[in-house]
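Remarks on the structure that follows.
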Ligand code: MOS
């Protein structure tokens, strides 16, 4: 055996000690001489114009250096990009911060107060007086939707699920002997990562350095370069640690431009850290969505018709479109499928991806509707899914690269004890509690993008591995260290992996569960390249032997170090195969019949996710997603005040997320799956799928416990009490 079979081992996080000792530096922690602080003033109205700004009291306040508003801010060109990054909406125009008096949403940045200390800046921000000319805002989803259907033509072309039909779904639905016709909604959700978004901007002449919370340093640089109309090579973005993001740091938000603009204007480095309340308006969110589902089946439960009509909210200035329809299009075998998608523009800030974007909500509606169909047809929910198992991707008309979903159902059902489930809802009780079992399928596409990495072997026999990737928590530092260690045949302790700096080789967005597939493949390729280089230098005819002593070899060839950079990118496998990760989720709920409190004592998740690089970290991803899924099912949601277009619970005290007492026993299993097609590492990605299927499994368990169907998430005690 090679000295280092590292892939597949449950290595503990290599960055763990730095994180728990506080040595890991997050965006808001970077400081330099002369640093000053910015606090943002937010719009109090949801639509209209700023008529006047009185900054005199703020300007006279101790420590205040400047009050920057649209009246005195530098004009930024906001040059259009040749091609928009996939993290930005593909239609509309990003908010141009401090460039004019127009207000598009409540909480919009309309001024920034710069002061010597953050407290002085915050006090100054309180003293800025703004007069508005208010216009009636569009803050009600129902009213906006009723005003007319809105088709996001442009967004649909850029990789998002198109409006689509195969067969004749309406005719098949009309003729079906067993049908489900129901509408499902879920709340507007906010990522609420622990780390707040922050940017530190420092100009040195015409060069800009940004320390930013971002999931994509390369695109952050590009976005700022276009906004300011300066070449990318004058900007460096540094982001070594991200304290959770879940999609909130995919795109470059207005406060980043604002911070860079302020730093230029005051001639000092500026730090802006959003407050938790500002985060609800400064950063996108999972948009409120309604899905009208219609399923038709024959008496054996075989789907004959599937219709999903979805409407999601967006802002008035950008079209944010999601993959809501994807699960309806591909998860089950069905000859007649029609899907369409509408956007409802409102006076809100633009939504954005949040873990499992679109797919998690689309799968929620589909998997609840399948549960309803199971009861309507009198068939066990797992059996119903097996009867409708898609042997190929009927939407893309391609074979799967691999699909271990059947095994997920059987392994999950076994581990959960699904066979103990009585078919009749409302019949299980334990200690006075209503008990229910529910299940759902999980699915998420496997993608991959071009990535590059550099590997440098030093005279002491250790290796540096560099790539401009990111690690918002899934364990990139650790998994990449494992790939490098195994490929270089070194112990992990001799590999130093670094990321999060535009000076490093290009990496794609840290999102969409693509990092392991994309960056991991590049790290592997770069490690192989450096070994080949060394082998050639040493005069070997073939590959380096296992267990090679790099220090000795470098001495022998007379080098202090040797390095190689490699790129890895997808080929045309996406044209030959449909690539998804699959899973099955089983949930138990216990409901107090008097208080209607819903508890989830256990969840079982089984995943077919290709190769597992690190089972400890992979499990950690999955239980994290399950916890977030419990939040989606039972707790999370922005309480929206239509009068003002504001989130009433824009804080961590009232925006409910699961706490320890809400988190039950979480059981995670990975079924063996070898996929030779997806990428050189054979990994399928685990981040997004971990939240998919959890909410419908819980909602279905609530039905099984009570015999009552709740179709609006989150399902809270008051809904059970009041209905
Ligand atoms: Mo993920 S929603 O692409 O961070």
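What follows draws every value from the coordinates through simple rules; no lab data is involved. Since this is a predicted model, take the numbers as computed values, not measurements. Every residue, glycine as well, gets a Cβ built from its backbone with ideal geometry; the counts of neighbours run over all protein chains shown.
Brief remarks follow.
- Placing a label point 7 Å from the Cα of residue 414 along the Cα-to-Cβ direction, the residues of region 666-709 with a backbone N closer than 20 Å are 666-674.
- Simple spin-label estimate for residue 656 and residue 299 in nanometres, 7 Å along Cα-Cβ: 4.4
- By the Stokes-Einstein formula, at 0.890 mPa s and 25 °C, the chain with its Kirkwood radius over alpha-carbon pairs has D equal to 91 µm²/s.
- Counting every alpha-carbon pair across region 182-240, the share separated by more than 13 Å comes to 66%.
- FRET efficiency, 1/(1 + (r/R0)^6) with R0 51 Å, evaluated for residue 134 and residue 396 via beta carbons: 0.60
- Estimated 222 nm signal from helices in the chain, with DSSP H stretches of n ≥ 4 weighted -39500 (n - 2.57), rounded to 500: -8000 deg cm²/dmol
- Theoretical FRET efficiency, 1/(1+(r/R0)^6), r = Cβ-Cβ of residue 722 and residue 665, R0 25 Å, to 0.05: 0.25
- Measuring between their Cα centroids, region 229-273 and region 107-145 lie 20 Å from each other.
- Judged by the mean number of other Cβ atoms found within 10 Å, the most tightly packed of the peptides 708-717, 320-329 leads the ranking 320-329, 708-717.
- Stretch gain in nm, segment residue 592-residue 498, where the contour uses 0.36 nm per residue and the Cα spacing is subtracted: 28.8 nm
- Put simply, region 449-569 fits an ellipsoid with semi-axes of 26, 13, 12 Å; these come from the alpha carbon gyration tensor as the roots of five times its eigenvalues, largest first.
- Annotation: for a label point projected 7 angstrom from Cα along Cα→Cβ of residue 119, residues of region 28-51 with backbone N closer than 19 Å are 35-40.
- Mean separation of Cα contacts under 8 Å, 6 or more apart, over the residue count of region 166-277: relative contact order %: 34
- Here the relative contact order of region 449-569, from alpha carbon pairs under 8 Å that lie six or more residues apart, stands at 40 percent.
- Taking 20 °C and 1.002 mPa s as conditions, region 1-73 diffuses translationally at an estimated 118 µm²/s according to Stokes-Einstein applied to its Kirkwood radius (Cα pairs).
- Taken over region 557-702, the alpha-carbon convex hull comes to 240 cubic angstrom per residue.
- Residue 642 paired with residue 275, simple spin-label distance in nm, labels 7 Å along Cα-to-beta-carbon: 2.8
- Computed FRET value (nearest 0.05) for residue 386 with residue 429, which takes r as the C-beta separation and R₀ as 35 Å: 0.75
- Ranked by the mean number of other Cβ atoms within 10 Å of their residues, highest first, the peptides 223-230, 382-389, 512-519 fall in the order 512-519, 223-230, 382-389.
- Distance from region 396-417 to region 591-663 (C-alpha centre basis), Å: 24
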